[in-house]
Structures are given as C-alpha cells and as structure tokens.
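Colleague: Shown below is the structure under consideration.
The values are calculated or read from the model by the stated rules, or taken from the named source; none is laboratory data. Note that the structure is a prediction, hence the values are computed from the model and not measured. In this analysis, Cβ positions are derived from the backbone assuming ideal geometry, glycine residues included, and neighbour counts consider all displayed protein chains. Note: accessible area is taken over every heavy atom of the protein model, side chains too, but ligands, DNA and RNA are not part of it. Shrake-Rupley method; radii C 1.70, N 1.55, O 1.52, S 1.80 Å.
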Amino acid sequence: MKHETFRTSHARQEPLDGWRLLRFTAMSVPIYAAAQPVMAFVPAILSRHYAIPLAGLGLVYLIGQVVNSLLDPVIGALSDRTVSRFGRRRPWIAGGGLLFIIGSAMLFFPPEGATLTWVGIGVICYYTGASTTTTTLMAWSGEVSGDYDQRTRIASQFTLLSSSALVLTLLLPAVADQLRPDDGPLRLTLFGTLVLVTAVPGLLLTLTAMPDHSAPSGAERFALGKTLKAVFGNPLLLRVLAADAAVTAGQGVRTALLLFIVTIYFQRPEWAAGFFLLQYSFGVLAGPIWRRIGQRLGKSRAAVAAELTQAAINFGLVFLTPDRFGLMIALAIAQGLSQGSGNLMLRSMVADVADLHRAETGEDRVGLYYSVFSVSMKLGGALAFGIALPLVTAFGFDPKAATNTPEALNALLLVFALGPALAHALAAALVAGFPLNADRHAEIRRQLRARDEVHAAALVPAE
C-alpha cells in the first residue's frame, strides 16, 4: 500500500504578505553572508595570522565539503519523515541554525593560539549547520504555498536576500582596508559580527514566520532503494537537476576566472574587489525583475529566457580586448541584472515536480528533492573549478608569471567567455519544452486537495 501523506490545505493556501515572507527567508542572510568569507578569507587569514598549516586547513576544508555534500540527501529524506509537535521542518532548522552559529563563532572569532583541531570542529559545525538549515528551509519553502506563482515569489525573495548579503559582505574588506590595511583578525571580526548579528534574530524570525502543519500522518521507514528510485526514476527532476548543475557550472567558471581577467588581462588590480561588488549590487535587482518575468511567461519559459540572456551576455565577452574595459563593466552590469535568474526558476520548479510525484505515487519527497537540488548546485560549482583552472593552465596561462603570452591571455578570455555561454545554453536546452506549466500544475493541485479532503474525512471518527 502506498504511503499517503496528509496536510491541512490552509497551511498551503494562506496568503503570504511581504513582512511574513521576509521573516521566513531571514535566515538566508547570515548563511549567504558567511559563505564567501569562509571559503575565500578564513583559510588565508588563519594561515597567515594564526600560524595554522595551510595543508592542514586544506584537508579540514575538504572533509567539511564532503560532509556537506553527503548530508544533504540524508537530511532531506529524514526531514520528510519527521514527526514532532513542532512540525517536520522546524526541529531541523533550529538544530542546524544553532550548529551554524557555533561553527561561525569558532571560525570568525578564533582565540589566541587556536589550533587545527579548533578549526576542524568549527568547520564541521559550520558546514553541518549550514547544510541542515539550507536544505530544510528550501523544502519548507516549497510547502508554505501550493500556488504556482507564489512559489516563484518565495524563490525570488531568497535571491534578493542572498544578493543583498553578498553586497554587505563584499563591503567589509573595503572598510577593513580603510581602517587598518592588511589586518586579518579585523576582517574576521567584521565578518563574524555581521553573521552573528543577523543569525540570532534571523533564526528566530524564520522559525516563527509560518505555521508548519506539514507533519505526516504516519512515518515510513527510510528505504535506500525506494529513495534512489524516487530521484533517478523521475525524468523531470533529473532535467531540473542537470539544468541547475549547468547553470552553477557556468557561474563557477566566471567566478573562478574573473579575478584573473580583471587583474591580469586588463591590468586593473584596483578593481579586484570592486568588480564583484559592482555585479552583486545590480544583482539585488535581479530577483524582483525575474519574478515578474516568471509570472508572465511561466517558470520554464522564463528559465529558458534567463539562460539564453546569460549565454548571450557571456558570449559578448569574446569581443573584449585589453583596451575595452568599459565594455567589460557594461557586461558585468547586465550579468548582475540577470544574476541567479535561472536558479530562481529552477528552485521554484522543484516543488512543482514534488507535487507531481506525490499525485502519482502518494509519496511526499519535497525534502529529498530539494536536498538533491542542493547537491547539484555544489556539483556544478566543483566541476567549474575542476575544469576551468586546469584548462587555462594547459593553454599556458600562469597567474604567478610576471607576463603571460598573448596566446595564453586569449585562451584565458575564451574560457572565461565561452565556458559560461555554453553552460547556460545547455541549461536552456534542458528546460525547453518542460511539460509542467501553470495549467498542468493547477490540475495537480486540485487532485491533491481532493485526495487530502478524502483522507481528512476518513480520519474523523463516526458519531
């Protein structure tokens, strides 16, 4: 007999006012604010100012990333089956949020004489907490509304807050350099203060923003074979995952090579931090813009439009020359205005795919589906760094060299331009013709509501 999950309909259909939605997504601010400093600044500062071996830091971070990736599907599957008086998602977000706060405090406020063991514990707490919180919050975001367009609105709110958090984070190194240049501990203090000041209220706001009436009526034991089938036997989910991996890979290639393009190709080292800030500042506007486009065109068509737009912008980079820095700035602004647009639509589509799966099988897999979606994002980023950096090196580019040959610089530019362009074009091809549109989803929601009402009526004792 198929496992059937029941939820009260009002939990999904309750109107989402702006303030409640802001509260619900508040925890995304500290998580995204911490992400870039933990990767880009913490290892270098701990190695230089706290005398912690760089090789040891690399091993600790590798272990943390492996734990981060392996935890996602486990947490997604387990949270789908959690039964508690607080709902399915709240306990996981609360526990993950506390671990995230502890790990962030350990990494951003290391004591004098901090050891590799201290850092290792901090890294594990940080990654475990961030993974648990993010995966479960994404799953819950697919449950707070069953409306096709409301899900796009929720996803765009995450995009808006993540871009805002990145802008705030990128401002901090500039502030630190003005106060005390090359002061690593000051940078850590500023990063940590931003994260902790937003994390404590953010966690409370997220936990209290929405009713969590999603507890299953009966818990089914975890079965690996059935779980794998729910993922790899769902062709629509696989299309969304592959498209998101392509999108993230394209973004990762750009991120991995942007610093080299600005400082070496254009010989503009003074723009090293400012260029990221420029792009992410315009990225704050991307979420609201693409949410409206998604509501007008539908998610899959908007995703195709977003990916083709980004492919065109990145292809335009082919026409750069060392004396066309103005064109580079213009394309960066355009990139900012389309930033995360494909991710936004794909994230919202995951919940729709989960609805279809529940309608067909009676299995609720929204937590599992968002967890593997998170894995696809990480896989795409790893592929980008693992392919782009060795590729430009194979063409003779050396970031440590006093000068690079024109051929090596041209190869750097072509990988920087064509890598993301082809990745975004592939994402558009994967999503094109996606059959789960607004009309089809509305029919699925009607089926689910009717089934839930029958199930609810069966639970009412006869008088």
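Colleague: When the convex hull of the Cα atoms of segment 307-427 is projected onto a plane and the area is averaged over all directions, what value comes out in nm²?
Modeller: It is 9.1 nm².
Colleague: In angstroms, what radius of gyration and Dmax does segment 120-243 have, counting Cα atoms only?
Modeller: My reading of the Cα-based Rg and Dmax gives 19.4, 58 Å.
Colleague: Sticking with this one: Hand me the trypsin sites (Lys or Arg not before Pro) from segment 344-442 located in a DSSP loop with no more than 14 other Cβ atoms within 10 Å, in residue order please.
Modeller: K400
Colleague: Per residue, what volume in Å³ does the convex hull of the Cα atoms of segment 13-81 enclose?
Modeller: Roughly 116 Å³ of hull volume per residue.
Colleague: Also, quick follow-up: Give the Debye-formula value of log10 I(q)/I(0) at each listed q (0.05 Å⁻¹), with one equal scatterer per alpha carbon of the chain, two decimals each.
Modeller: The calculated log intensity ratios at q = 0.05 Å⁻¹ are -0.19.
Colleague: While we're on this one: With charges only on Cβ, +1 for K and R and -1 for D and E, what is the dipole size of the chain about its Cα centre, in debye, rounded to 20?
Modeller: Its charge dipole is roughly 500 debye.
Colleague: From the phi of every residue in segment 106-120, what ³J(HN,Hα) in whole Hz does the Karplus formula 6.51 cos²θ - 1.76 cosθ + 1.60 yield, where θ is phi - 60° and glycine or proline is x?
Modeller: With coefficients 6.51, -1.76 and 1.60, one gets 5, 7, 8, 10, x, x, 4, x, 4, 10, 5, 4, 4, 5, x Hz.
Colleague: Now for a separate question. What is the Cα centroid distance between segment 166-181 and segment 33-102, reported in whole angstrom?
Modeller: Answer, in whole Å: 24.
Colleague: A further question on this structure: Just from its helices, what would the mean residue ellipticity at 222 nm be for the chain, if runs of 4 or more DSSP H residues each count -39500 (n - 2.57) and the sum is divided by every residue, rounded to the nearest 500 deg cm²/dmol?
Modeller: -26000 deg cm²/dmol
Colleague: Moving on to the next point. Listed highest first by mean packing, meaning other Cβ atoms within 10 Å per residue, what order do 113-124, 293-304 come in?
Modeller: 293-304, 113-124
Colleague: Within 10 Å, count the other beta carbons around each residue, average over each peptide in 227-233, 245-251, 308-314, 126-132, and list them highest first.
Modeller: Order by mean packing, descending: 245-251, 126-132, 308-314, 227-233.
Colleague: Could you check how much of the accessible area of the chain is carbon and sulfur, as a whole percent, using a 1.4 Å probe? Display every interim value, and only then the final one.
Modeller: Numbers: 13390 of 19550 Å².
That fraction is 68 percent.
Colleague: Another question about this same structure. Whole percent per 10 Å bin, from 0 to the bin with the longest distance: what is P(r) over all C-alpha pairs of segment 220-355?
Modeller: Values per bin, smallest distances first: 11, 36, 27, 16, 8, 2, 0.
Colleague: With the other protein chains left in place, how much accessible area per residue, in square angstrom, belongs to the chain at a 1.4 angstrom probe?
Modeller: 42
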